[in-house]
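Bear in mind that the values in this text are calculations on the coordinates, not laboratory data. Note that the structure is predicted; figures quoted are calculated from it, not measured. Cβ: placed from backbone, ideal geometry, glycine included. Neighbour counts: every protein chain shown.
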Amino acid sequence: MSIQIGLYDFFAYTLPGALLLAILGYAGASFGLVQINFQTLNTLSTPIALVSIAASYLVGMLLEPIAQRWYRFLQPKSRKKYIFEDFRAIHPDWKIHIPKQDAGLMRAYIKQKNVELAIDIEKNGAIAKMLRNFSLGFAVFAAILLVQLLMQGFQGWRFVGLGLAVGLAAIAASEAAKFYRWFHFLTLEAIAAFSFNPADQVIHLNLSDPLPKDRVD
């Protein structure tokens, strides 16, 4: 596995998975289901740390279908549309003939033509997926705090934490939409750039114009 793929997995799955594990650990400790010794956590051995990273990655992968449904629930219909419409609005002279479902083929073509450019574009997709999964994690945390408020009575820090978690869930989803837009838009611009010829698009030689008087044949 290359470094680029490893970084994609780390941001898209491992970090959100670690967040969800931490939230579930907090919930288990708060309701007396598990005992967490924070002093022990500070002295974790390397094998246990590696197992924790692997567990975070697995949880992040399993979280994927739920996070997709959560993100679709949050986003309005106008944001669910693919970025083709935005590209046409900014570049009205360019026509897109490839179907929306073949967007993966466009990214494969970019990777074949320029790997570094493909990696730069995929970074936006990884960050978008990370933020989308973070949004779900913050929503789970908000639900846990709400249950605690209902079962264990009002506490100011939990009420503030609930509002903060809800706000972070909304902000993360909004930022995810922004990075998804960049991801798709840059994909289309890269494809357009590969077929762009400045000589044809910017400078045109009009042979009907008279030759300059100082022209020397």
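Ignoring solvent entirely, what values of log10 I(q)/I(0) come out of the Debye formula for region 113-196 at 0.11 Å⁻¹ when each Cα is a single scatterer?
Reported log10 I(q)/I(0), two decimals: -0.45.
Give me the number: length gained by fully extending L62 to L7, i.e. 0.36 nm times residue separation minus the C-alpha to C-alpha distance, one decimal in nm.
My answer for the length gained is 18.0 nm.
Can you tell me the length gained on complete extension of the stretch W94 to L149, counting 0.36 nm per residue apart and subtracting the Cα distance?
Residue separation times 0.36 nm, minus the Cα-Cα distance, leaves 14.3 nm.
Efficiency by 1/(1 + (r/R0)^6): what FRET value for A54 and W157, r their Cβ-Cβ distance, R0 = 45 Å, to the nearest 0.05?
0.85
So if R0 is 25 Å, what FRET efficiency would R69 and W182 give, r being the distance between their Cβ atoms, rounded to the nearest 0.05?
The calculated FRET efficiency here is 0.65.
Could you give me D for region 120-167, from Stokes-Einstein at 4 °C and 1.567 mPa s, where the hydrodynamic radius is the Kirkwood radius over C-alpha pairs? Units µm² s⁻¹, please.
Answer, rounded: 109 µm²/s.
Sorted by packing (mean other beta-carbon atoms within 10 Å per residue), highest first, where do 143-155, 175-187, 127-139 land?
127-139, 175-187, 143-155
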